[in-house]
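What follows is a short report on a single structure.
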Number of protein chains: 2
Amino acid sequence: MTQLENQSADLPAVLERLGLKAREGYSVGITGPPGSGKSTLVDKLTGRAREAGQTVGIIAVDPTSHLTGGALLGDRVRMMGHSHDAGVFVRSMAARRTLGGLAAATRDVGRLLAAAGFDLTIIETVGVGQSELDIVKTADSVVVVAVPGLGDSVQTLKAGLLEVADLFVVNKADRPGADRTVAELRAMQGLVPGAEGWLAPIVQTVATENQGIEDLWQALARHREFLESSGERARRRERRLEAEVFDLVQRKLQERLQERLQSDGELANLLEAAKRGALDPHAAAARIVAQLDTPAD
Amino acid sequence: MTQLENQSADLPAVLERLGLKAREGYSVGITGPPGSGKSTLVDKLTGRAREAGQTVGIIAVDPTSHLTGGALLGDRVRMMGHSHDAGVFVRSMAARRTLGGLAAATRDVGRLLAAAGFDLTIIETVGVGQSELDIVKTADSVVVVAVPGLGDSVQTLKAGLLEVADLFVVNKADRPGADRTVAELRAMQGLVPGAEGWLAPIVQTVATENQGIEDLWQALARHREFLESSGERARRRERRLEAEVFDLVQRKLQERLQERLQSDGELANLLEAAKRGALDPHAAAARIVAQLDTPAD
């Protein structure tokens with residue numbers, strides 16, 4: 001799994017070595033602003049899945065952490081309720097500096113967990129930016145968590161998040177303003193096109209008290225059923241695979257560019273001139289692309 | 001400017017058409033979690049700069065908004081204090097779907113504002129993700145805004161943000177817990193390497209009351225002086241130009257891939273096979289890259 005994350009091995013090779021076959025699992029992505037209680041939700045949802053006899057793989061991703069993932073440690077400690085349960089596997093992933101690498105690694109680790117037989121994979125991401133969107137979109141069902149009274153709570157859920165949400169959770173719903181948050185979400189839903197035939201339900205929870213978890217579990221089951229019966233799951237799968245291929249091609253092209261820069265003096269000169277300010281960045285980029293078309297020495 | 005944002009024109013061409021010459025300005029990037037009062041800070045900082053006789057260009061960027069930038073409208077309305085001031089120019093930019101396009105567009109619009117003679121450019125981004133980091137790093141001085149009592153306030157400022165911060169602002173410092181937030185920031189500073197010879201100061205503000213704005217203004221002046229005298233500004237400029245060239249090359253390669261997919265049936269077949277699940281995404285990507293090396297028909 002570490003090899004996958006470091007992109008040092010391809011998934012098919014790893015699966016073969018482990019004697020595993022690719023298998024379609026079911027995955028739930030959970031995202032929302034910091035402090036919205038995502039980790040506790042994941043914890044309780046895991047408990048509910050275990051009651052149903054399902055094994056659960058959890059991928060906790062922090063796209064903004066460049067350090068050793070320390071920011072997640074606190075979250076993971078809260079997952080202690082399942083730390084001795086062999087039916088639950090937790091993997092924390094912090095950001096690498098490689099562009100787009102985190103979404104790719106999340107996809108591959110998710111596939112590996114599915115192939116290893118985990119019934120449910122939960123992908124939890126910290127934050128609300130574009131990287132988090134890219135990661136959470138690798139899941140079959142996307143849960144967006146809001147919380148009453150966190151600044152302009154709904155305004156912090158930017159349009160990008162609203163678009164990808166299959167379900168909303170208003171967590172900490174025992175706080176004042178929960179009904180207002182629900183009303184605001186409903187109002188904003190009208191502005192954003194969702195999947196045809198599916199209006200994202202809004203579930204109120206108090207995760208710390210295990211309240212509303214059964215509602216969330218049932219809503220997820222309904223969404224999974226919708227995905228299958230409507231053909232939406234197949235359509236999403238196609239879109240995801242297409243995006244993944246583009247992403248992988250781009251990363252390979254980028255690697256080759258880096259290699260070529262080491263060996264091709266003309267490319268290095270162009271880059272140097274741009275760094276000195278002697279050549280406009282746009283002009284340098286155009287000439288580098290042209291140079292890439294000539295065979296390397 | 002709209003042409004620049006849409007990447008339909010290169011900056012040198014636009015500048016030439018406008019009769020402008022490239023000119024180095026000074027830019028401040030401001031980022032922090034939603035609800036931390038960034039817009040009010042920008043507003044007050046703009047007022048202070050105007051008192052000093054400086055003209056101010058403001059670029060407000062929302063990387064997560066895929067809609068028409070509606071989420072920013074509320075923020076921009078708060079900027080009304082300067083709406084009739086010809087020395088202040090505000091440009092809102094919402095996310096485009098093009099990968100990395102927003103940081104590139106921010107850089108170009110920033111250069112255009114500098115060339116147009118604005119003394120100070122303020123780049124404000126909403127949120128705390130990787131895209132926001134990429135955008136805010138295009139500025140000379142980076143201000144990271146925290147706020148007391150917003151969840152685990154400092155935990156929401158992930159390591160990536162701590163690394164790029166030249167100054168911290170603890171805004172809404174009249175709230176309980178401000179001193180604790182300052183202490184937490186100081187503790188975390190020890191963990192993160194900053195620029196040599198510069199320890200990011202922590203400024204407490206109550207932006208709505210104009211408190212601490214003078215301290216922030218003075219701290220920014222000191223950082224600008226440090227950038228010049230230490231040679232750090234030149235080093236950063238080189239790093240930024242290098243990153244920009246890589247970014248532009250990559251975007252050009254991506255455009256060419258898209259064009260090639262339209263015209264090359266073999267490429268389209270490989271992509272189709274991956275979408276159907278008949279070909280593993282990694283294998284498809286490898287074969288597409290190989291196919292790109294053969295001349296197009």
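Observations
- Residues satisfying the stated conditions in the stretch B:282-297, i.e. surrounded by 13 or more Cβ atoms within 10 Å (Cβ to Cβ), hydrophobic (A, V, I, L, M, F, W, C) and more than 9 Å from chain A (Cβ to nearest Cβ): none
- Exclusive hit being modelled with pLDDT under 80, over 30 Å from B:Ala234 (Cβ atoms) and open to solvent by 10 Å² or more (accessible area, probe 1.4 Å), set B:Val154, B:Val192, B:Val182, B:Val126: B:Val126
- Helices (runs of 4 or more DSSP H) wholly inside the stretch B:23-122 containing at least 2 residues that are modelled with pLDDT under 90 and out of contact with any Ser or Thr (no Cβ under 8 Å at 6 or more places or on another chain): B:70-78, B:101-115
- The one condition in (1) at the interface with chain B (Cβ under 8 Å from one of its Cβ atoms); (2) on the phi > 0 side of the Ramachandran plot that A:Asn210 fails to fulfil: (1)
- Residue in the stretch B:221-244 that is more than 10 Å from chain A (Cβ to nearest Cβ), open to solvent by less than 20 Å² (accessible area, probe 1.4 Å), of a type in the set (D, E, K, R) and at negative phi present: yes
- Within the stretch B:210-220, the set of residues being open to solvent by less than 30 Å² (accessible area, probe 1.4 Å) and part of a helix (DSSP H, G or I) comprises B:Ile213, B:Leu216, B:Ala219, B:Leu220.
- Listed conditions (1) at pLDDT 90 or above; (2) under 19 Å from A:Glu238 (Cα atoms) are all met by B:Gly212, apart from (2).
- A:Leu167 meets the conditions (1) at pLDDT below 85; (2) within 17 Å of the chain's Cα centre (by Cα); (3) open to solvent by less than 20 Å² (accessible area, probe 1.4 Å); (4) hydrophobic (A, V, I, L, M, F, W, C) in every case but one. The failed one is (1).
- Applying the criterion of being at pLDDT below 85, touching a helix residue (DSSP H, G or I) at 6+ places or on another chain (Cβ under 8 Å) and not in a loop (DSSP other than H, G, I, E, B) to the residues of the stretch A:132-149, the residue that is surrounded by the fewest Cβ atoms within 10 Å (Cβ to Cβ) is A:Asp134.
- When restricted to residues that are within 7 Å of chain B (Cβ to nearest Cβ) and either within 16 Å of B:Arg240 (Cα to Cα) or open to solvent by 40 Å² or more (accessible area, probe 1.4 Å) (or both), the stretch A:245-276 contains 5.
- A:Leu199 vs. criteria part of a helix (DSSP H, G or I) and aliphatic (A, V, I, L, M): no
- Index of the failed condition, B:Leu279 passing every other in (1) buried (at least 17 other Cβ atoms within 10 Å of the Cβ); (2) part of a helix (DSSP H, G or I): (2)
The values are calculated or read from the model by the stated rules, or taken from the named source; none is laboratory data. Because the structure is a prediction, the values reported are computed rather than measured. All Cβ positions, even for glycine, are placed from backbone atoms using ideal geometry, and neighbour counts span all protein chains on display. Heavy atoms of the whole protein, side chains included, go into the accessibility calculation; ligands, DNA and RNA do not. Shrake-Rupley method; radii C 1.70, N 1.55, O 1.52, S 1.80 Å.
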